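*Asks:* Handing you this structure, nothing more for now.
Just so it is clear, none of the values below were taken in a lab; they were calculated from the coordinates. Here the structure is a predicted model, which is why all the values come from computation and not from measurement. A quick note on method: Cβ atoms are made from the backbone with ideal geometry, for glycine too, and the neighbour counts reach across all protein chains shown.
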Amino acid sequence: MIRIRGLTKRYPDGAGSTLCVLDGADLDVAAGGFVALMGPSGSGKSSLLHVLGGLDADFTGEVEVLGQRLDALGDRERARLRNAKMGFVFQSYHLIPTLPAWRNVALPAAFSPQVERDAEARARESLSRVGLAAKAHRLPTELSGGERQRVAIARALFFRPPLLLCDEPTGNLDAQSGGEVLALFCELNRDGVTLLIATHEERVAAAASRRVKLSAGKLIEDLSPARVEARP
Amino acid sequence: MSAAKLARLSGENLRRDRAGALLSALGVAVGVGALCFFVALGLGISELVRTRIFPVDARSLEVVPAQLSLGSLLGGGQLDDAALDRLRALPGAAHAYPKMALRVPAISRYDGAFFGARLNMALEIVMLGVDPALMADVVPPEKFQDPPAGQPIPAIASTRLLEIYNKSFAPSRHLPHLGPSLLEGFRFPVELGVSYVSSVNLGRRQATQVQLAGFSDRALLAGITVPLATVRRFNALYGQDATTYSAVTLQAQTPDGVPALAQSVRAMGFSIDDSDRQRAEQAGAAVAVVTSALSLLAVLICVLAAVNIGQTLFAALRARAREIGVMRAVGATRAQIAAMVLLEAAQVGALGGLCGALGARGLALGVDALARRVLPEFPFQPQSFFAFPLWLALAGLGLGTLAAVLGALLPARAAARLDPARVLAG
């Protein structure tokens, strides 16, 4: 599903030099995996997700996602891959406030070569999957934080992608809402969706089948005894 | 992604900021409206000049003897029957209609009833004889012939002369407004061999009657047009030249053939009297210059509107940066983002262009109505000062759209280049 070799990502630091957040990182994620990406703020978790999602093409190294070398794809091909085979979930939901829930969920259809005729039905189905079918016509401002995040997840699931990239998806939620969202992720993973979740939260990491830490620009598998014992 | 999907998405984006979109459209509407208004005014005035003030037949040439030519010095270059036959035989010539001026002074004295008023008038008469076929569309040739003795001479007057009488002469002298049909059949006396302005004495005077038979743009403006045979008879009666023509109206088979025909005519040693055409062109050029200057002003307004749209879109993009980032995350390409922004601008521009074109039409109707109420009557007063062909409305719509799209080019480029990773992480 995901194969990374020697991934290096640098940012200009504003002082004429560069800051290296990923320094020759390697990672393999098999289909159906549930990986928690851990690390302190600024360690490069979001950067890694953006590279994997094809939102950031300014990197060196080999990155293969869903059988496609991202460094060899153009903007159009990366966009097509994101549209059809990946879903993004963000900490701040990033819903369009003036559109009802179902229109937010159906947003990927606007950029798809497929006909949009069944977009509403598909959006409702996606909302049903996250338990929000009854609130399809509510505006984001009429929903709670947990509900907004579930709408964002429904949007990510619109085209039933095999891969979800989630950046601190429970970071803005209270314990109960966060728990509901996490339960939803576990359910999706059981249905075969591969999950890569950047998180600070231990309970999210605990739910994942793998825990990968970002340290000094490298991706290190967490093989702590407790973790190893817990592995299937 | 289809254009329909993009248009729908752009429309939704516009609806979210209705006030901003309407203000931007208003700017375009003002520019396009001003442009349509001024161009329509220019077209209307040009049409008035071309069709009523200086009507010019695009197929016709007025052939006259050369003022100075070797041929004329040697006795050639005359417009006689032989020359007429040669003109008729020119390639591209369809018809040649000879004209002969009355070479005898003539006056008219009228003192009597005139359509419910009393008219006491004396004036010098200028008379031009023409081939009846030239006026066939006004008077049937069999009715436009040299009359037998005692019968009035059929005459055709200028439509423009009637206009000047109705709008200028009649009001100032409390005379009635007259239409062509009312005047047809009106008789007035003409005396040949006498003049108010010249002391020439031709030895004899001859009184006759003239009867108006119709009105035409091709008739002599300041005089009357009568059958050629009548003028030929009068000229012969007074021992004047009754064989050479003053001019020949030469009609080309097609308007495109006129330049070549004119060249052939000049090669024969004749001149072309295109003073009417030149006057029409000069008037048209003056109208075009004024229209162009005003249109330039309107185009500048459109440019300002385009700049305003650009600024508005830049501001909107700053507010919508994350939204665009989300669109990129769910599969939008850079090109789709740019197209979406351009489509938003195009919709604003099209709305502004449509409103501008309709507004200009409404304003023109208002100006025409006001002119009818406020302005005194004057010759060649048109029903409308404006001409609004369909292409003008479509051009307004297109210009509005184009101006908006051009104004949106930089914002669209900026939107397409937004780094989704940065805006979504922020």
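*Asks:* What range in chain B is the longest one free of trypsin sites (Lys or Arg not before Pro) that are in a loop by DSSP and have at most 14 other Cβ atoms within 10 angstrom?
*Replies:* The longest such stretch corresponds to B:206-426.
*Asks:* Further, regarding this structure: Relative to the longest principal axis of chain B, what angle (0 to 90°, nearest 10) does the C-alpha long axis of helix B:334-374 take?
*Replies:* On a 0 to 90 degree scale, this one is about 40.
*Asks:* Please compute, for the alpha-carbon atoms of the protein assembly as shown, the extent along each of the three principal axes and give them in descending order in Å.
*Replies:* Result, largest extent first: 143, 55, 46 Å.
*Asks:* Now for a different question. Quick check on the exposure proxy: order B:Y110, B:Y165, B:Y196 from fewest to most C-beta atoms within 10 angstrom.
*Replies:* Fewest-to-most ranking of B:Y110, B:Y165, B:Y196: B:Y196, B:Y110, B:Y165.
*Asks:* If every alpha-carbon in the stretch B:353-426 counts as one equal scatterer, what log10 I(q)/I(0) does Debye give at q = 0.13, 0.14, 0.25, 0.28 1/Å?
*Replies:* -0.61, -0.65, -1.07, -1.17
*Asks:* Shifting gears a bit: Over the C-alpha atoms of the stretch B:332-381, what are the Rg and the largest Cα-to-Cα span, Dmax, in Å?
*Replies:* 20.6, 64
*Asks:* No solvent, one uniform scatterer per C-alpha: report log10 I(q)/I(0) for chain B via the Debye equation at q = 0.08, 0.12 1/Å, two decimals.
*Replies:* -0.66, -1.01
*Asks:* Right, something else. For A:V89, what residues show an amide H to amide H distance below 5 Å, using hydrogens built from the backbone and excluding near sequence neighbours?
*Replies:* Here A:L165, A:C166, A:D167 satisfy the definition.
*Asks:* What average count of beta carbons from other chains do you get within 10 Å of the Cβ of residues in A:75-83?
*Replies:* 5
*Asks:* Here is a further query. To the nearest 10 degrees, how steep is helix A:75-85 against the longest Cα principal axis of chain A, on a 0 to 90 scale?
*Replies:* Helix A:75-85 sits roughly 60 degrees off the main axis of chain A.
*Asks:* Using the 10 angstrom Cβ neighbour count as an exposure proxy, how do A:I220, B:I337, A:I96 rank, fewest first?
*Replies:* A:I220, A:I96, B:I337
*Asks:* Here is a follow-up. Near B:G129, within a Cβ-to-Cβ distance under 12 Å, what is the net charge of the other residues, with Lys and Arg +1 and Asp and Glu -1?
*Replies:* The answer is +2.
*Asks:* Still on this structure, please answer the following. In whole angstrom, note down how far apart the Cα centers of the stretch B:250-324 and the stretch B:140-193 are.
*Replies:* 40 Å
*Asks:* Within the P(r) computed for the stretch B:315-401, what percentage of the Cα pairs occupies the region above 16 Å?
*Replies:* 67 percent
*Asks:* Please compute the volume of the convex hull spanned by the alpha-carbon atoms of the stretch A:120-177 and report it per residue in Å³.
*Replies:* Cα convex hull per residue, to the nearest whole number: 84 Å³.
*Asks:* Over all alpha-carbon pairs of chain A, lay out the pair-distance distribution in 10 Å bins, whole %, shortest bin first.
*Replies:* 8, 32, 35, 20, 5, 0
*Asks:* Can you list, bin by bin at 5 Å, the percent of alpha carbon pairs in the stretch B:1-130, starting at 0?
*Replies:* Percent of pairs per bin, in order: 2, 7, 7, 8, 8, 9, 8, 8, 7, 6, 5, 4, 4, 5, 6, 5, 1, 0.
*Asks:* Taking Cα centroids, how far is the stretch B:380-426 from the stretch B:14-29 in Å?
*Replies:* Cα centroid of the stretch B:380-426 versus Cα centroid of the stretch B:14-29: 12 Å apart.
*Asks:* A follow-up question, please. Specify the inter-centroid distance of the stretch A:158-176 and the stretch A:68-86, based on alpha-carbon positions, in whole Å.
*Replies:* Spelled out, the Cα-based centre of one part sits 20 Å from the other.
*Asks:* Continuing with this model, one more query. Run the helix sum for chain B: -39,500 (n - 2.57) per DSSP H stretch of 4+ residues, divided by residue count, reported at 222 nm to the nearest 500 deg cm²/dmol.
*Replies:* The helix contribution divided over chain B gives -17000 deg cm²/dmol.
*Asks:* What translational diffusion coefficient, in µm²/s and rounded to a whole number, does the Stokes-Einstein relation yield for the stretch A:61-148 at 25 °C and a viscosity of 0.890 mPa s, taking the hydrodynamic radius as the Kirkwood radius over Cα pairs? Provide the component values of the computation, followed by the final result.
*Replies:* On the way: Rh = 14.6 Å.
Here the translational diffusion coefficient equals 168 µm²/s.
*Asks:* Something else: Residues with beta-carbon under 12 Å from that of A:S144, excluding A:S144: net charge, scoring Lys, Arg +1 and Asp, Glu -1?
*Replies:* That works out to 0.
*Asks:* Treating the stretch B:232-330 as a set of equal point scatterers at the Cα positions, no solvent, please give the Debye-formula log₁₀ I(q)/I(0) at q = 0.18, 0.21 Å⁻¹.
*Replies:* Values returned for q = 0.18, 0.21 Å⁻¹ are -1.02, -1.09.
*Asks:* Using a 10 Å cut-off around each Cβ of peptide B:9-21, what is the average number of partner chain Cβ atoms that fall inside?
*Replies:* Counting other chains' Cβ atoms within 10 Å and averaging over B:9-21 gives 1.
*Asks:* Same structure, new question: Past the 32 Å Cα-Cα mark, which pairs from A:K213/B:K5; A:K135/A:K218; B:K99/B:K167; A:K9/B:K5; A:K135/A:K213; A:K218/B:K5? Walk me through the numbers on the way to the answer.
*Replies:* Details: A:K213/B:K5 42 Å; A:K135/A:K218 42 Å; B:K99/B:K167 30 Å; A:K9/B:K5 35 Å; A:K135/A:K213 37 Å; A:K218/B:K5 42 Å.
The pairs that break the limit, which is 32 Å between Cα atoms, are A:K213/B:K5; A:K135/A:K218; A:K9/B:K5; A:K135/A:K213; A:K218/B:K5.
*Asks:* Per residue, how big is the convex hull around the C-alpha atoms of the stretch B:84-128? Give it to me in cubic angstrom, could you?
*Replies:* 106 Å³
*Asks:* Averaged over all directions, how much area does the convex hull of the C-alpha atoms of the stretch A:155-215 cover when projected, in nm²? Walk me through the numbers on the way to the answer.
*Replies:* Details: hull surface 17.4 nm².
One quarter of the hull surface, i.e. the mean projection, equals 4.3 nm².
*Asks:* Additional query: Across 5 Å bins from 0, what is the distribution of all Cα-Cα pair distances for the stretch A:9-65, in whole percents?
*Replies:* 4, 15, 26, 27, 17, 6, 3, 1, 0
*Asks:* Shifting gears a bit: Taking the number of other C-beta atoms within 10 Å as the exposure measure, put B:V289, B:V190 in order starting with the fewest. Please list the in-between numbers first.
*Replies:* On the way: B:V289 11, B:V190 23.
Ascending Cβ contact count within 10 Å gives the list B:V289, B:V190.
*Asks:* I'm checking a number: the convex hull volume of the Cα atoms of the stretch B:77-184, normalised per residue, in Å³. What is it?
*Replies:* 166 Å³
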